[in-house]
Amino acid sequence: MCFGRCAKCIGYLLLILAICSIVANLLLYFPDGKTQYARDGHLSRYVWFFEGLAGAGLVMLIPAFVCIGLEEEDCCGCCGNRNCGRSCAMLGSVVAALIGIVGAGYCLIISALGLAEGPKCYNNGTWSYPFANTNTHYLADHSTWSRCEEPRNVVVWNVTLFSILLGLSGIEIILCLIQVINGLVGGICGACCCQEKSQQYVC
């Protein structure tokens, strides 16, 4: 089934993106390559929402593995026809893809909020969010980034990693939407073929 091969390709892409999301999220816990900021509670609040680790990462493994195994799945067949079972599996993959959309959507929203608020850093003798009320203008005005005295280069660190998570989750949503369409078309077409062929068998 060409629909199964397409789903398998999508599955492998989702698996790679999920691993990248997990890595990007983990790196957010170590600004300047140090663990002390996480230990002392000096990280951005949105880092603790596990958007890349859970949302675009672990949750995304569900549609990834479902799609990867889809080409070989036959659901035990139906009336002696393997394609009937594959049609059932294709329709089942739509549910998995919808779960993936929810997970990636969560990551997308939290990453956007993390970018909008900016990092928590040491500024004027206190730990605060110096860019929280700038309406993301700080992203274009690099001269303001020096407000964060500690951790070193934390603005670049947060902007880069949250942007990566934003992009990865956006791609995941697109791939999951493609799989929803692929699964629906493949499942419906397979069901129609199955209905025609099943008339040749005695159940």
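Looking for something under 22 Å from GLN36 (Cα atoms), at pLDDT below 95 and out of contact with any Phe, Trp or Tyr (no Cβ under 6 Å at 6 or more places or on another chain) - is there at least one such residue anywhere in segment 108-123? Checking segment 108-123: at least one residue is under 22 Å from GLN36 (Cα atoms), at pLDDT below 95 and out of contact with any Phe, Trp or Tyr (no Cβ under 6 Å at 6 or more places or on another chain).
On the stretch given as segment 145-176, residues that are assigned to a helix (DSSP H, G or I) and either at positive phi or of a type in the set (Val, Ile, Thr) (or both) total 9. Please state which of the following conditions PHE50 fails to meet, knowing it meets all the rest: (1) aromatic (Phe, Trp, Tyr); (2) under 14 Å from ASN158 (Cβ atoms); (3) surrounded by 15 or more Cβ atoms within 10 Å (Cβ to Cβ). Tallying (1) aromatic (Phe, Trp, Tyr); (2) under 14 Å from ASN158 (Cβ atoms); (3) surrounded by 15 or more Cβ atoms within 10 Å (Cβ to Cβ), PHE50 fails exactly one: (2). Just give me the residues in segment 173-192 being surrounded by 14 or more Cβ atoms within 10 Å (Cβ to Cβ) and either under 30 Å from TYR37 (Cα atoms) or modelled with pLDDT under 95 (or both), in sequence order. Once the filter is applied, which keeps residues that are surrounded by 14 or more Cβ atoms within 10 Å (Cβ to Cβ) and either under 30 Å from TYR37 (Cα atoms) or modelled with pLDDT under 95 (or both), segment 173-192 yields ASN182, GLY183, LEU184, GLY186, GLY187, CYS189, GLY190, ALA191.
Residues of segment 115-144 that are exposed (fewer than 15 other Cβ atoms within 10 Å of the Cβ) and either in a helix (DSSP H, G or I) or of a type in the set (D, E, K, R) (or both): HIS137, ASP141, HIS142, SER143.
Summed over segment 1-47, the residues that are surrounded by 19 or more Cβ atoms within 10 Å (Cβ to Cβ), among the aromatic types (Phe, Trp, Tyr) and closer than 20 Å to ASN153 by Cβ give a count of 2. In segment 140-161, the residues that are of a type in the set (Ser, Thr, Tyr) form Cβ pairs under 6 Å with partners that are in a helix (DSSP H, G or I), at six or more places apart or across chains, as follows: THR144/TYR138.
The values are calculated or read from the model by the stated rules, or taken from the named source; none is laboratory data. What you are looking at is a predicted structure, and each value in this text was computed from that prediction instead of being measured. Note that we place each Cβ from the backbone using ideal geometry, even for glycine, and neighbour counts take in every protein chain shown.
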